[in-house]
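What follows draws every value from the coordinates through simple rules; no lab data is involved. What you see is a predicted model; the values in this text were computed from it and never measured. Using ideal geometry, Cβ is built from the backbone for each residue, glycine included, and neighbour counts are taken over all protein chains shown.
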Amino acid sequence: MLMNSKRFHRFLFTHLSFLFATVLVADERPNVLIILVDDLGYSDLGFMGGEIDTPHIDRLANDGLTFTQFYNAARCGPTRASIMTGLYSHQVGVYELEPVEPGNNIFLSELLGDNGYATYMSGKWHLGNTPEKLPPARGFHHSYAYQGCCGDYWQPPLYVLESPEVGPIHYGDGEFHATDATTDYAVKFLQHHEEKEENSPFFLYLAFQAPHSPIQAPKHLIDKYVSRYEVGWDKIREARWKAMKEKGWFKQYDSVPPFSDSPPWHDEHAQPTPIRKWKSLSKVEKTDNARRMATYAAMVDQVDQGVGKTLAQLEKMGEMENTLILFLSDNGANYEGGPNGNDGPLKGKALANMGQPGTKHHVGSQWAALSNTPLRLYKHFNHEGGILTPFIAHWPKGIERSGEEERQRGHVIDFMSTIVELADIEYPDTFAGNKILPMEGVSLLPAFRGEKIEDRALFFEHEANRALFKGDYKLVSKNFTSLDGQTHHDWELYNIDKDPLEQNDLASQHYYDMVIPMAREWHQWATRTDAIVGYEKWMLKLQYYWQTGLRTYLNDAF
């Protein structure tokens, strides 16, 4: 039976209105751009007091909201796993460099892709290299990905394009550099989005490999920075500290704390090495080190240029105002390679060739100590130098606190909770036929509005380095089979609000009223999340009871 004219028009109006409203809602939801850099030191960027030219990242900080207490997971893989899943990395099988195991989790890209977002990824993946663990299988519609951790930046075959519609970029001999290519594909994906997906919001995961070793950059950029580093790390550290003090940071300290010693590298029985005074170096050592840090700085500069090109494309599309940009590093500065960067000092042709194709240099722990000014320790560790990252949230349409600082504590597990709320998506109980774990993080959107974030404890474990933040206090320990050959390290306790640089250990003063209950809480978390397994699990339990005594054992057992 045919529908009468009046009913037909009502039917048509109702369904077209619904369709139009649906498109409007999709259009109004913000885009999401996560910019992740690799092994960046705490004070390297211009807005953090550094001398490297980073005008585009500084612009994001000056126009956005910067968090002074934002934490990653101390290493490449764990941080990436937490960003993508909203879980502690141990819950998805990532302890060091393992792939994320599918089953109990959903990736941010999968969730957004299933809810109307176009999803793009360009850069370092490092979450698995078998077909079911690569970007296309984990929700990215288009990707240009490096599957490893630290390959030669000048080698195009290391990166793989997976896109049904975006074709390859052809580079001439000597023209390819991974940092530039990562940017080029990010921009090309955005151009594709403008042409083909204009009615959908986008999620772009822009994950630079730089400035992770090997330190490699174009010669002209390296040459630009050599003279800046000929004065050495001592003077530059003081300059960075002065810049921080002028911003009103670390008012409770009269002077910059001493450099953290260089941990042993590939020698578990060696002792930590103090950072040398620059004036004690020979001329050859100074020349090598100046070019070494200049190469690292050139890599950071190159990343900033890439950020600038990406922002320019957003502005061209008219999407800058409604794009949430989150910028951070996956861990602190990298001491790997030892004081002289695994192969120094170099001279002659070898020095002139630093950073070019086929080279395998590290920046060295002495420059890493500068990069992490004024924090303690480095990548791998759960002291502040390993886990505290510069963090920027930039979203003109949604964050009115332009140029302000946020002192509330955040963590990479919070990305999922924040973006789920922002995109008005219901987090599922199941995915791909599997029951998935609930999110561990909390939404950062209240902080964007100047309101209080949901209070919670934060937990850390990497290579048996351990930490717990609760209220104003931080419980932390170095790895129990540490690289300096000691059998274990006791818990340290800091009032992180009054002593953010971890200079005054309160553990002996608050052993029974704070250290023991916080250590118990950490172990309960570690058991729940599988943060410690096998031999390491039992060794840590033995250490825990040895340090806290029979009373703790009886309390736990009964």
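Ranked from largest, the principal axis spans of the Cα set of the range 392-499 equal 51, 44, 21 Å. Hey, for a label at Ser282 modelled as a point 7 Å past Cα toward Cβ, could you say which residues of the range 336-376 have their backbone N under 13 Å away? Counting backbone N atoms under 13 Å from the label point, the list is 344-348.
Annotation note: trypsin sites (Lys or Arg not before Pro) in the range 422-475 located in DSSP loop regions with a Cβ neighbour count of at most 12 within 10 Å are Arg449, Lys452.
For the chain, what is the mean residue ellipticity at 222 nm derived from helices alone (per DSSP H run of n ≥ 4: -39500 (n - 2.57); sum divided by total residues; nearest 500 deg cm²/dmol)?
One gets -11000 deg cm²/dmol as the mean residue ellipticity at 222 nm.
Within a straight-line Cα-Cα reach of under 23 Å, Lys251 can be paired with the following lysines, leaving aside sequence neighbours fewer than 8 residues apart in one chain: Lys235, Lys242, Lys470, Lys474, Lys498.
Cα centroids of the range 238-277 and the range 93-122: 36 Å apart.
Evaluated over the Cα positions of the range 106-260, the convex hull gives a direction-averaged projected area, one quarter of its surface, of 13.6 nm². Shape of the chain from its Cα gyration tensor (a ≥ b ≥ c, root eigenvalues): rounded if a/c is under 1.5, otherwise prolate when a/b > b/c, or oblate? Oblate, because a/c is 1.5 or more while a/b does not exceed b/c. A simple spin-label model places the labels of Lys452 and Tyr253 2.9 nm from each other, with each point 7 Å out along Cα-to-Cβ. For the pair Tyr512 and Thr527, the difference between a 0.36 nm per residue extended length and the Cα-Cα distance amounts to 3.2 nm. Note on Lys316/Asp63: beta-carbon distance plugged into 1/(1 + (r/R0)^6) with R0 of 25 Å gives a FRET efficiency of 0.90. Volume per residue of the convex hull around the Cα atoms, evaluated for the range 344-442, comes out as 230 Å³.
Overall shape of the range 42-136 was characterised from the C-alpha gyration tensor. The equivalent ellipsoid obtained from it has semi-axes of 29, 17, 13 Å, in decreasing order.
Going by Cα centres, the range 164-206 and the range 415-437 are how many Å apart? Taking the Cα centre of each part, the range 164-206 and the range 415-437 sit 27 Å apart.
Given 4 °C and 1.567 mPa s, how large is the Stokes-Einstein diffusion coefficient of the range 192-279 in µm²/s, with Rh as the Kirkwood radius over Cα pairs?
Values: Rh = 18.2 Å.
For the chosen part, D equals 71 µm²/s.
DSSP assigns beta bridges within the chain; of those with both partners inside it, close to 50 percent run antiparallel.
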